[in-house]
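The values are calculated or read from the model by the stated rules, or taken from the named source; none is laboratory data. Being a predicted model, the structure only gives us computed values, none of them experimental. Heads up, the Cβs are rebuilt from the backbone with ideal geometry, glycines too, and the neighbour counts pull from every protein chain shown. For accessibility, only protein heavy atoms count, side chains too; no ligands or nucleic acids. Shrake-Rupley method; radii C 1.70, N 1.55, O 1.52, S 1.80 Å.
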Amino acid sequence: MGFFTGFISGFALTTSALYITVTIHRINRLEQRRVIRDQVDQINWLASSIGAYDRRNLPEETPRRLEDRFPKQNDPVTIKEVLKHRWNTEVEKVARKAHETRWEDVRDATSEGWKGVMRLVKKE
């Protein structure tokens, strides 16, 4: 395995590990945010002025148990969904860029670059 192949392989492995680590950290932070928000809502409900001193004064339509008052929210975000969303975003960006690119300009830039490389090689 040559230097270039080894370098690219190491770069791909390192960036993949970093990407997965950052994604898992983001998912954990989102879950923590959801849990903390639920807990704050429960504390606010417990400390509300309606029935705060005497729970017998609570309105009848208000559930007495916290679990009934705050039903479980959406399913937790999975890493599969996050990766799927990021993949779709990247594909959309690439498709938009390919659609908006003037391929004549790409061809001209490539030919100018090739001519520059050939001039550099012929000097040596």
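Highest average first, the peptides 26-32, 3-9 ordered by how many other beta carbon atoms sit within 10 Å of their residues are 26-32, 3-9. Using heavy atoms of the protein chains and a probe of 1.4 Å, the accessible area assigned to residue 112 is about 100 Å².
Summarising the label geometry, the points placed 7 Å from Cα in the beta-carbon direction at residue 45 and residue 103 lie 5.9 nm from one another.
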